Amino acid sequence: PAKLPVIMDWCAYLAGRVQPSTIKQYLTHLRSAHIEQDVPFEATESPRLQRLLRGIKRVHGEKDRKPRLPITLDILQRFLPHIRAGPMHDTIYAACTIAYAGLLRCGEFTVDSGKKEKFSPELKTARGHLTFQGTGDSTTIVLTIPASKTDAFRKGATVQIAAAPGCITDPVAAVQRIIKDTDKKDSPLFQDEGGSCLTRSRFIEEVQLALQAAGINPTRYSGHSFRRGAATSAAR
C-alpha cells in the first residue's frame, strides 16, 4: 500500500499546479488502483491528509472556472449550415453530427497536436471501427470506441447511431459522404486534407468559426460541448 507520508508529499507537490478538487480526484483513482489489486488503502480517511487538503485549498483557492456550454440540438442545427466550404467541409460536418449523436468525447476521434499525440487505431476511432447496418432510412451506424478515459483496460465500447432521414443533423448521411470502399480499416475515421487524423485544435477552430458565422458567441464552446449538449437534449 502507498504510505501516508508519500501521499502527503505528492499532494503537497501538486498544490498550486492543479485544482484542489483535481487532487481529490487523483486520490480517488489511487484508491481505485489499490482496490483493483486487493490491497488495503485507508490513507484518504486520515485526518492529517484531510487537514492538508483543506490547507491547500485555503492557500491556493479554487480558480474560477467557466464551464463549457452545451451544443444542444437547436444550436447544432443553427451552425451546421455555416461550416466553411472547402476540402474539410464534409469531414467537419460528419464529425459534428457523429460527436453529437454518439455522445463522443473529442479526444476519442481527434489527436492533440499540442501534446504531439500520434494516431493509433488501438486508441482512436478508425474507419474499421465503423460499420453500417440496414438499408435506406433504417440504416444504423455501429461505432466501436477502442479506448476512452473511463476505459482504463481498453475493453472498448459499442455505440449505435441511428439515421435521421431528411434532417440536417443526419449522422448516417454525413458519414456516408466521407467513407469510401477503398479506405484502409486502420486509417483515422476523420482525416485532414493530407489523410492524417483530424486534430483537436483544427476541429474546435472550425466549429467555433461556424458558431460565430451563425451569430453565436463561440468563446465558451469546446470539443466536449457536443457530449454535454447531447446529454442535455436527451434529458429534456
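The values are calculated or read from the model by the stated rules, or taken from the named source; none is laboratory data. Computed from a predicted structure; not experimentally measured. Cβ coordinates were reconstructed from backbone atoms using ideal geometry, including for glycine residues, and neighbour counts include every protein chain displayed. Note: areas computed on protein heavy atoms with side chains; ligands, DNA, RNA excluded. Shrake-Rupley method; radii C 1.70, N 1.55, O 1.52, S 1.80 Å.
Given PRO218, PRO171, which one is touching a Gly at 6+ places or on another chain (Cβ under 8 Å) and either open to solvent by 20 Å² or more (accessible area, probe 1.4 Å) or closer than 15 Å to LEU80 by Cβ (or both)?
On the way: PRO218 fails: touching a Gly at 6+ places or on another chain (Cβ under 8 Å).
Selected residue: PRO171, the only one of PRO218, PRO171 that is touching a Gly at 6+ places or on another chain (Cβ under 8 Å) and either open to solvent by 20 Å² or more (accessible area, probe 1.4 Å) or closer than 15 Å to LEU80 by Cβ (or both).
So which residues in the range 201-210 are of a type outside the set (Val, Ile, Thr) and within 12 Å of CYS96 (Cα to Cα)?
Narrowing the range 201-210 to residues of a type outside the set (Val, Ile, Thr): 201-203, 205-206, 208-210.
Of everything in the range 201-210, those that are of a type outside the set (Val, Ile, Thr) and within 12 Å of CYS96 (Cα to Cα) turn out to be PHE203, GLU206, GLN208, ALA210.
Part of a loop (DSSP other than H, G, I, E, B) and of a type outside the set (Asp, Glu): does that describe THR182? Steps first, answer last, please.
Details: part of a loop (DSSP other than H, G, I, E, B): yes; of a type outside the set (Asp, Glu): yes.
So THR182 fits the description; yes.
Quick check on the range 189-205. Is at least one of its residues under 21 Å from PRO87 (Cβ atoms), loosely packed, with under 12 Cβ neighbours inside 10 Å and in contact (Cβ under 8 Å) with a residue 40 or more places away in the chain?
Taking the range 189-205 first, the residues under 21 Å from PRO87 (Cβ atoms) are 189-205.
With loosely packed, with under 12 Cβ neighbours inside 10 Å added as a condition, the list becomes 193-195.
Those left that are additionally in contact (Cβ under 8 Å) with a residue 40 or more places away in the chain: 193.
Yes; the residues of the range 189-205 include at least one that is under 21 Å from PRO87 (Cβ atoms), loosely packed, with under 12 Cβ neighbours inside 10 Å and in contact (Cβ under 8 Å) with a residue 40 or more places away in the chain.
The rows are residues; the columns are (1) over 30 Å from CYS106 (Cβ atoms); (2) surrounded by 12 or more Cβ atoms within 10 Å (Cβ to Cβ).
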residue	(1), (2)
GLN37	yes, no
SER46	yes, yes
LYS57	no, yes
HIS60	no, yes
LYS63	no, no
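Could you tell me whether LEU53 is more than 30 Å from ALA12 (Cβ to Cβ), touching a residue at least 24 places away in the same chain (Cβ under 8 Å) and surrounded by 14 or more Cβ atoms within 10 Å (Cβ to Cβ)?
Here the answer is no, as LEU53 does not meet what is asked.
Which of the following residues is in contact (Cβ under 8 Å) with a residue 12 or more places away in the chain, surrounded by 12 or more Cβ atoms within 10 Å (Cβ to Cβ) and of a type in the set (Gly, Ala, Ser): GLY102, GLY114, GLY134? Explain how you work it out, then say what you get.
Numbers: GLY114 fails: surrounded by 12 or more Cβ atoms within 10 Å (Cβ to Cβ); GLY134 fails: in contact (Cβ under 8 Å) with a residue 12 or more places away in the chain.
So the residue among GLY102, GLY114, GLY134 that is in contact (Cβ under 8 Å) with a residue 12 or more places away in the chain, surrounded by 12 or more Cβ atoms within 10 Å (Cβ to Cβ) and of a type in the set (Gly, Ala, Ser) is GLY102.
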